[in-house]
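Colleague: One structure is given below, represented as C-alpha cells, and several questions about it will come after.
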C-alpha cells in the first residue's frame, strides 16, 4: 500500500470552530445572510438515472475491483471501466465508483470549489443540504490571493461532519498532488483531485479518494473512486486531534491503536451498508452541486 506523510496543515492546531460551532442541517439566519445563500436549496436534487439503476441492482462482482496502487494506470486509459458506478468488496473493505455527467461544468470550477468551500460550513452545506453539517480547514489560505485554486487545497486538510446514509461521520480529508499516485499532469480541460480519507477525532486514515474530471462535448464528467480498505496510524501532535482521540497518541496507546483499536474503529465506521451508502452519497452531492456550480463560480471566483 501507499503511505501518507502528514503535512504542516495536518499538524496545525485543530480549528477553533471544530469544538465551538454548532452542528445542524440546513441554513440558520446567520447562514441566510451569506452572499452566496441564494444558491442554497432545502432539498438535494435526485440522483442520476444510471445511479438509481445501479443501486437497485446491488453490489458488483469482486472481479471489477482494483487497488489504489493501480488506480492511476487504469483511470488514465481512454474510455470507461467495467464498474464506473457501483461498489464491491475488496480485501479489508470496499471499493466504490461513481460516474457523474455535468453539463456546462469545467475542471477549473472543481479546482476552485475545493479551494473555496472548506473555510465556511455554510459553503459546504450548498453541496449536499440533506447531509452536510460542518467543515473547517487546517490552513485557511483564502486571504492569500497569490495562490492558485489548487494551492489552496493541495497539502491541506478539510475537517467535515456529514451523514453517510444514516450515520454521522466526522472526517478528515487530506488532499495531495495526484502525481503521488502516478497520475500525469492533466490534459487541458481535465483535473484530478486526490485525498487520504480519515477520521478527525482519531489520528488514523482508512482510505483514499480520487475525483477525475474529464471534458465532454457539453461540459465534463467526474469519475469518483473510493478505496476504503487501507488503514494507517498517522503521526500527529495532540493539538491536531480533538477530544478523546488525543490521549491515544502516547507511545503505549499508539501501539494499542495499531494492533487492536484501529481495526475496530474502521470496522465500526464501515458498516455493512457503506458501499451502497457511499455510492448514493457521492452521486447525490456531485449531481446537486453541478446544477448550479457554473453560476456560483462565475459570481465568486476570485473572491476569498
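The values are calculated or read from the model by the stated rules, or taken from the named source; none is laboratory data. It should be emphasised that the depicted structure is a prediction, and the values quoted were computed from it without experimental measurement. Glycine also receives a Cβ, built like all others from the backbone with ideal geometry; neighbour counts cover every protein chain displayed.
Colleague: Could you tell me which residue of segment 258-304 is surrounded by the most Cβ atoms within 10 Å (Cβ to Cβ), considering only residues that are modelled with pLDDT under 95 and not in a helix (DSSP H, G or I)?
Modeller: Only one residue tops the list, namely 270.
Colleague: Here's something else I'd like to know. Going by the conditions given, is residue 35 out of contact with any strand residue (DSSP E or B) (no Cβ under 7 Å at 6 or more places or on another chain) and under 28 Å from residue 200 (Cα atoms)?
Modeller: Here the answer is no, as residue 35 does not meet what is asked.
Colleague: I'd like to know if segment 229-241 contains one or more residues that are touching a helix residue (DSSP H, G or I) at 6+ places or on another chain (Cβ under 8 Å), buried (at least 23 other Cβ atoms within 10 Å of the Cβ) and either part of a strand (DSSP E or B) or modelled with pLDDT of 95 or more (or both).
Modeller: The answer is no; no qualifying residue exists.
Colleague: Among the residues of segment 205-220 satisfying the criterion of being in a strand (DSSP E or B) and more than 17 Å from the chain's Cα centre (by Cα), which is surrounded by the most Cβ atoms within 10 Å (Cβ to Cβ)? It would help to see each step written out before you state the result.
Modeller: Residues of segment 205-220 that are in a strand (DSSP E or B), as a first pass: 205-216, 219-220.
Among the residues that remain, those that are also more than 17 Å from the chain's Cα centre (by Cα) are: 214-216, 219-220.
Numbers: 214: 17, 215: 15, 216: 13, 219: 18, 220: 23.
For segment 205-220, the residue satisfying everything is 220.
Colleague: A further question on this structure: Suppose we keep only residues that are under 24 Å from residue 284 (Cβ atoms) and out of contact with any helix residue (DSSP H, G or I) (no Cβ under 8 Å at 6 or more places or on another chain) within segment 173-204. Which one would you say is surrounded by the fewest Cβ atoms within 10 Å (Cβ to Cβ)?
Modeller: 197
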